[in-house]
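Just so it is clear, none of the values below were taken in a lab; they were calculated from the coordinates. Note that the coordinates shown come from a computational prediction; the quantities given were computed from them, not determined experimentally. Counting neighbours? That spans all protein chains shown, and the Cβs are built from the backbone with ideal geometry, glycine included.
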Amino acid sequence: MSKRTEALASRLEDGARALAAFAAELTDAEWEMPVLPDGRKAGVIVHHVASMYPIEIGLAQQLARGEAVAGVTWDDVDVINANHAKENDEVTRAETLELLERNSRAAADAIRQMTDTQLDTAAPLSLNDDVVLTTQFMLEDHAVRHSSHHLTILRRALGGARMERGAA
């Protein structure tokens, strides 16, 4: 394990822990609250993050082997997200937090197994218009930031809802 892979893995774990802590404190009503822009429930969004780690790591490992990631578009991601939301509309907090812990740990372990050479390996990435990008970029832009990205969205959405309830 290199300093770089440890740093990436630690950042992923920190983000997942922060998201889990936030999710654990949500009220039942907040867990069920639709969040803009797409209306997925807050709990479904947390479950989504947990569910995406294996896919994101798999794509990063593909880049690490020098293989292009082809045919994966943001439209595909939107379909995956919509299907996930439908299939997991009644997801429980307990199962979600367990999945988040398990999949974030596995993702961090996979990152720790990578070498600096693999982090520096670049290949075309269809999610970014087939630009040749490194494995490290893929990890940082997807798996490592995913929990923090959605935590920010949830805090904004739920913070606003909390303020509105407090003012009423």
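Structure values in brief
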quantity: Filtered residues of the stretch 24-56 (kept if within 15 Å of Glu90 (Cα to Cα), over 13 Å from the mean Cα position of the chain (by Cα) and either in a helix (DSSP H, G or I) or of a type in the set (D, E, K, R) (or both)); calculated: Asp28, Ala29, Glu30, Trp31, Glu32, Arg40, Lys41, Ala42, Gly43
quantity: Hits in the stretch 39-61 (condition: more than 19 Å from Phe22 (Cα to Cα) and either in contact with a Ser or Thr (Cβ under 9 Å, 6 or more places away or on another chain) or of a type in the set (Asp, Glu) (or both)); calculated: Glu56, Ala60, Gln61
quantity: Members of the stretch 47-101 that are among the basic types (Lys, Arg) and touching a residue at least 40 places away in the same chain (Cβ under 8 Å); calculated: Arg65, Arg93
quantity: Which listed residue is more than 11 Å from Leu97 (Cα to Cα), surrounded by fewer than 19 Cβ atoms within 10 Å (Cβ to Cβ) and out of contact with any Gly (no Cβ under 8 Å at 6 or more places or on another chain), from Glu6, Glu32; calculated: Glu6
quantity: Flag if Arg17 is more than 26 Å from Val132 (Cβ to Cβ), in a helix (DSSP H, G or I) and of a type in the set (D, E, K, R); calculated: yes
quantity: Count - residues of the stretch 57-106 that are among the β-branched types (Val, Ile, Thr), loosely packed, with under 13 Cβ neighbours inside 10 Å and not in a loop (DSSP other than H, G, I, E, B); calculated: 1
quantity: Residues satisfying the stated conditions in the stretch 120-147, i.e. in a helix (DSSP H, G or I), buried (at least 17 other Cβ atoms within 10 Å of the Cβ) and hydroxyl-bearing (Ser, Thr, Tyr); calculated: Thr135, Ser147
